[in-house]
Amino acid sequence: MGHIRPFGEDDIPQVARLHQAVFTPQGRTDDSAFESYRSYFCSVFLDDSPFYDPRLPSLVYEDDQRRIVGFLGSVPRRMVMNGRRFQAAVSSQFVVDPGSPVGLVAVGLAKAFLEGPQDLSIADDATDVSRRIWEGLGGATAPLLSLHWTSPLRLARFAVSLVQNRWAFAPFTVAAWPLATVVDAIATRWPRSHFYLACTRGSASELDPPTASQIVSDFQDVETLRVEHDEGTFAWLLERAAQTRPGGRLFKTVLRDGQHVLGSYIWHMDQQDRAEVLQLRATAASIGDVLDHLFHDAWGHGAIPVSGRLEPRFLQALSDKYCLFHRRGPWMLTHARRPELAYALQAGHLSFSRLDGEWALAF
């Protein structure tokens with residue numbers, strides 16, 4: 001039957017082999033790949049991480065032959081609401097050996113994680129299978145917080161990109177690309193177009209950890225449950241975000257109107273010119289200006305679409321910018337021990353960015 005216990009450094013070789021066998025990251029099997037795994041697991045799930053807390057360990061499932069057949073990573077997060085602090089844990093890299101009793105191992109690991117001492121458990125990149133397990137153990141799905149938005153900055157090229165990988169459309173997409181470029185150039189410059197990129201208010205500079213730590217409270221309602229960072233943890237997250245998608249680029253901006261901070265945003269662009277917003281901070285009064293600047297910035301760097309996870313308080317502003325809303329796969333799952341946290345999650349009063357969750361924890 002096996003048993004569940006905390007993950008330790010001596011477990012890294014077995015967990016690395018399990019992870020590689022299931023996920024085959026970049027298809028690597030050489031010694032350098034396993035050294036990368038050692039560095040990754042120590043810096044994200046063990047005491048090299050600034051978030052590490054031995055009371056909230058990652059977990060392994062060991063069978064009766066002392067073979068590790070399952071792993072669930074746990075990363076602590078400090079959260080605050082109404083001046084009160086809460087302990088949260090984010091699950092990541094949930095992996096089970098397909099040759100084991102998969103259901104038994106998966107349910108056992110998830111149950112042990114949810115029964116930990118944290119006030120709130122979060123999985124923000126969960127599959128349909130994980131969702132069924134989570135809900136079966138008393139957790140909840142946050143449908144609104146599972147939605148994403150997309151602004152097709154270059155609409156014609158965006159439409160072509162949606163079908164370019166389908167072999168039947170390959171000849172058409174090659175021929176259509178130059179025309180799409182011309183159409184997009186007109187659409188973004190014609191003032192009456194829905195895709196016109198307006199001139200933006202304010203001056204931009206690079207967002208650094210000290211500035212981010214200083215301004216965070218200016219852009220959150222006290223009734224909103226949010227992650228609390230200091231300079232060290234925020235710098236660590238930025239470093240992880242820059243490393244986690246090889247070949248991509250990370251952009252960090254704070255927008256000011258004179259001495260007044262309008263907001264900030266962090267986004268990543270991959271090798272296919274797709275921009276992913278990892279964090280967006282603004283007030284109800286400034287969100288329009290911040291979005292205009294974000295879209296203009298992403299467009300200037302060549303992004304075709306820009307996407308992000310929905311924060312309900314920005315729903316109207318994103319709708320006004322003609323963004324598309326969709327659920328593209330992963331679910332946001334939660335499990336709250338305290339009634340006030342459950343109510344905040346149910347009401348959508350949660351600010352939990354991609355930077356705070358599993359996106360920055362990828363191998």
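Taking all protein chains into account, the per residue accessible area for region 30-143 stands at 43 Å² (1.4 Å probe). In the chain, helical runs assigned H by DSSP with n ≥ 4 each contribute -39500 (n - 2.57); averaged across all residues and rounded to the nearest 500, the mean residue ellipticity at 222 nm is -10500 deg cm²/dmol.
Label positions at Arg55 and Thr283, each projected 7 Å from the Cα along the C-beta direction, are separated by 3.6 nm.
Skipping prolines and chain starts, which residues have an amide H placed within reach, meaning under 5 Å, of the one on Asp97, given they are 5 or more residues away or on another chain? HN-HN under 5 Å from Asp97: Gly70.
What the Cβ-Cβ distance of Gln214 and Ala21 gives, at R0 = 35 Å and to the nearest 0.05, is a FRET efficiency of 0.20. Between Asp270 and Arg84, the simple spin-label model (points 7 angstrom out along Cα→Cβ) gives 4.0 nm.
Restricted to Cα atoms, region 265-315 shows a radius of gyration and a Dmax of 10.9, 34 angstrom. Let me check I've understood the local charge: for Thr283, count other residues with C-beta under 15 angstrom from its C-beta, Lys and Arg +1, Asp and Glu -1. What total comes out? For residues surrounding Thr283, the net value is -2. Extension gain, Asp257 to Leu144, is 37.5 nm, computed as 0.36 nm per intervening residue step minus the present C-alpha separation. Residue separation of Tyr343 and Gln14 scaled by 0.36 nm, minus their Cα-Cα distance, works out to 114.4 nm of gained length. With all protein chains in place and a 1.4 Å probe, the accessible surface of the chain carries 53 percent carbon and sulfur. Every pair of different Cα atoms in region 68-169 enters the Kirkwood calculation, which places the hydrodynamic radius at 16.6 Å. Other residues lying with their Cβ under 10 Å from the Cβ of Ser92 contribute a combined charge of -3, Lys and Arg counting +1, Asp and Glu -1.
Using the Cβ-Cβ distance between Asp221 and Ser319 with R0 = 25 Å, the FRET efficiency computed as 1/(1 + (r/R0)^6) comes to roughly 0.80. If the segment from Asp64 to Leu137 were pulled out straight at 0.36 nm per residue, it would be longer than the present Cα-Cα gap by 23.8 nm.
The values are calculated or read from the model by the stated rules, or taken from the named source; none is laboratory data. Keep in mind that what you see is a predicted model, and the values were worked out from it rather than measured. In this analysis, Cβ positions are derived from the backbone assuming ideal geometry, glycine residues included, and neighbour counts consider all displayed protein chains. Keep in mind that these areas ignore ligands, DNA and RNA; they rest on the heavy atoms of the full protein, side chains included. Shrake-Rupley method; radii C 1.70, N 1.55, O 1.52, S 1.80 Å.
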